[in-house]
Every structure is written in C-alpha cells, then in structure tokens.
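The values are calculated or read from the model by the stated rules, or taken from the named source; none is laboratory data. All values reported here derive from a predicted model rather than from experimental measurement. Don't worry about glycine lacking a Cβ; one is built from the backbone with ideal geometry, like all the others, and counts go over all protein chains shown. Side chains included, ligands, DNA and RNA excluded: accessible areas come from the protein's heavy atoms. Shrake-Rupley method; radii C 1.70, N 1.55, O 1.52, S 1.80 Å.
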Amino acid sequence: MRRVSTLASSVLSRTITSTLHDCSGLSTTSTPTINHRFLHAALFGTTTSTGSSNTRRVFNPFSTSLGVAGALVSVSAVASLSQEVLAKEPPPAELVPKEVVLYQYEACPFCNKVKAYLDYYDIPYKVVEVNPISKKEIKWSDYKKVPILLVDGEQLVDSSAIIDKLGNKIHGKEIVDSASDKDDDEEKKWRRWVDNHLVHVLSPNIYRNTSEALESFEYITSNGNFSFTERITVKYAGAAAMYFVSKNLKKKYNITDERAALYEAVETWVDALNGREFLEKRRCSRLVQFKGEAQSQRRRGGSKPNLADLAVFGVLRPIRYLRSGRDMVEQTRIGDWYTRMENAVGESSRMKA
C-alpha cells in the first residue's frame with residue numbers, strides 16, 4: 001500500500017506540477033513530492049449538497065409537549081421575525097445584472113465568499129466548475145485562478161475586488177453613503193483580516209490528521225471536476241500529501257496548535273461584534289420597513305450583515321459541517337452568529353444548470 005501511495009503521489013505530481021494554481025489569494029510553500037497548489041484548488045470540504053441550495057440547516061425540534069397549534073404559532077412567529085430583521089437585500093430590479101457566471105472550485109473559500117455575497121443580495125448566478133488539472137474552462141482568461149466572475153460579459157477577478165466592483169454596479173453611492181466613515185473603516189479592517197489571517201488557519205485544521213484529511217477529500221472527489229483516475233488518485237494521495245502540507249503551513253504561519261488558532265480567530269471575530277448581532281450598525285432610516293423595527297434594531301445593534309460579516313461567513317461555510325467546523329461551534333461562541341448568518345443569507349440564488 002505504501003508503494004502504491006508513493007506511486008500515485010509521483011504520478012499526480014508529474015501531471016500537475018507546471019499547470020495548477022490555488023484559488024485566489026492562497027499561497028503556500030512548495031514541497032518536493034507534490035505540487036499541493038492543485039490540492040488547494042478545492043481547499044475545503046463540506047458535507048452539504050450542491051444545487052439550488054448549498055446551505056445546510058440545523059433545526060431545534062419542538063418539545064413533544066407542544067401541541068400542533070402551538071408549534072404552528074411558534075413557527076409563524078419565528079418566520080415573521082426572520083423576515084423583518086434578517087430579510088435579504090436584493091438590489092432594485094433594474095440594477096440586477098442580466099447574466100452572472102461564476103468560475104469556481106466548489107470548496108474554495110474565496111469562491112464561497114463571492115457566493116455568500118451573491119446569495120445574500122439575491123443575485124441569480126450560474127456556476128462553471130473548473131477542472132483543476134486542465135483548467136480548460138478558463139483557458140480564455142489571462143487570469144489563471146478562481147474565482148472569476150463574468151457580469152454581463154465583463155470579467156471580474158479576485159474575491160474582494162469582485163465584491164467591491166459588483167457592489168458599485170448594484171448599489172452605487174447608496175451603499176457607501178449608508179455607513180459612517182468609522183463603520184466603513186471597521187468593515188475594511190475585518191475584510192482584510194479574513195484574507196490575511198482567517199483563511200490561513202483553516203487548512204491546518206482541515207488536514208490536521210489523516211481521518212480529517214480523508215473526510216475533506218471525500219467531498220472533493222465526489223463534487224470536484226475530476227476524471228475517474230484523478231478521483232482515485234486525489235482522494236488517497238491528495239489526502240496524504242495535504243496532511244504533510246498542513247504541517248508546513250503551521251510552520252509558515254507560526255501555528256503551534258491548529259484548533260487553538262482556529263478558536264482564537266473566531267473568538268476574535270465574536271469580540272469584534274461586541275454584542276451586536278452583526279458587525280454593521282446602520283442608520284435605522286435606511287432599513288425601517290415594519291412598525292417597531294427601528295426600536296428592535298437599536299436594541300440589536302447591527303441588524304443587517306455587512307461585507308465583513310459576509311466574508312467571514314463565506315470562508316467558514318465550507319468547513320462548518322466538517323469535524324473542524326463542528327469543533328469550532330462547540331468550543332467557541334461563534335455558533336449563534338453563524339446561525340444568524342445562515343438565516344440572513346438564506347437559500348442560494350444559484351441557478352440550476
């Protein structure tokens with residue numbers, strides 16, 4: 001078995017060494033046995049399914065002592081609250097792009113950050129899954145990474161730049177004027193933190209040991225754009241290689257304890273919320289649509305997620321139901337905010353093929 005694994009790693013290395021890059025923004029230290037940038041192409045796994053909705057929900061069942069009528073009333077009340085406080089924010093119909101196409105790897109954190117933005121603003125989009133070996137789907141582009149977003153034929157690249165440019169298209173000055181300079185600075189600070197810190201603690205956690213590495217690659221081989229041979233090779237040789245790569249990443253980013261680093265990162269985010277439901281605290285005049293909502297918003301603080309909320313949620317969403325994500329929710333205070341974000345972002349606006 002060891003000989004087979006070594007052979008598979010060697011074949012994979014020769015196949016992809018000169019052709020593959022990781023998803024936007026991720027750089028890692030090369031290894032002599034395998035070009036792990038290919039493996040970072042589908043960096044994070046998830047047990048959720050793809051399609052019209054890729055958000056897995058967690059439900060708390062009612063007590064058996066509740067009658068049917070009481071349960072229905074409770075559901076109605078929760079739905080009403082969700083609509084008032086956590087409603088999506090679709091842009092005016094005339095500003096919605098006619099065609100949006102995302103070129104992605106399903107598990108890439110930066111691709112998921114873009115998808116969180118599109119889902120929250122209810123912008124319909126198509127997905128083209130890129131083969132990380134041939135990359136034939138993006139041969140037409142000079143940009144050899146993902147995500148790439150085509151908006152009515154215009155190419156947008158780099159996840160944060162994509163969100164900024166798309167925001168200008170669908171919101172313009174309205175979204176800029178809705179926040180104070182202080183709020184804007186806070187949002188930018190935490191968006192940079194996501195790209196420069198949070199994403200770097202995820203990989204060592206996902207590939208912390210062989211069982212967690214295999215858990216991730218089980219998803220990658222099931223949902224990635226691979227041939228049969230690639231699927232078998234990537235699952236076993238890839239999981240083994242990424243286990244060792246994660247150790248190098250720990251050294252590069254001075255991580256001594258993977259879980260502790262992850263817990264510290266998400267606790268830092270919760271501290272930044274400072275008791276608010278979301279990071280942003282917008283003026284009530286922009287959001288009041290129902291009687292009494294302004295009062296509720298003042299109590300709740302940030303009543304709508306901003307771009308920093310969406311960025312944190314986007315990069316965490318692929319790992320949420322892996323072992324690392326389950327541990328994260330159990331051992332930190334992130335769970336309540338994450339559930340609010342699931343409700344706020346809602347169902348995917350991804351269009352069925």
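Annotation: extensible slack from ASN209 through GLU89 equals 39.2 nm (criterion: 0.36 nm per residue apart, minus Cα-Cα distance). With 0.36 nm allotted per residue and the present C-alpha distance subtracted, the THR229-LYS144 stretch has 28.2 nm of extension available. Among all the lysines, which ones have a C-alpha under 19 Å from LYS304's C-alpha, if same-chain residues fewer than 8 places away are not counted? Partners found: LYS88, LYS113, LYS115, LYS173, LYS182, LYS188, LYS189, LYS281, LYS291.
Please work out, to two decimal places, the log10 of the ratio I(q)/I(0) at q = 0.11, 0.12, 0.19 Å⁻¹ from a Debye calculation in which every Cα of the stretch 157-279 carries one identical scatterer. Normalising to I(0) and taking log10 leaves -0.58, -0.66, -1.06. Between GLU264 and ASP152, the contour length at 0.36 nm per residue exceeds the alpha carbon distance by 36.3 nm. Entry comment: accessible area of the stretch 300-353 is 33 Å² per residue, from protein heavy atoms only and a probe of 1.4 Å.
Here the spin labels are modelled as points 7 Å beyond Cα on the Cα-Cβ line, and at ASN168 and VAL96 they lie 2.4 nm apart. Accessible surface computed residue by residue for the stretch 120-246, with neighbouring protein chains in place and a 1.4 Å probe, gives 45 Å² per residue. Per residue, the average separation of C-alpha pairs within less than 8 Å and at least 6 apart gives the stretch 128-274 a relative contact order of 20 percent.
Averaged over residues, the count of other Cβ atoms within 10 Å places the peptides 152-165, 263-276 in the sequence 152-165, 263-276, highest first.
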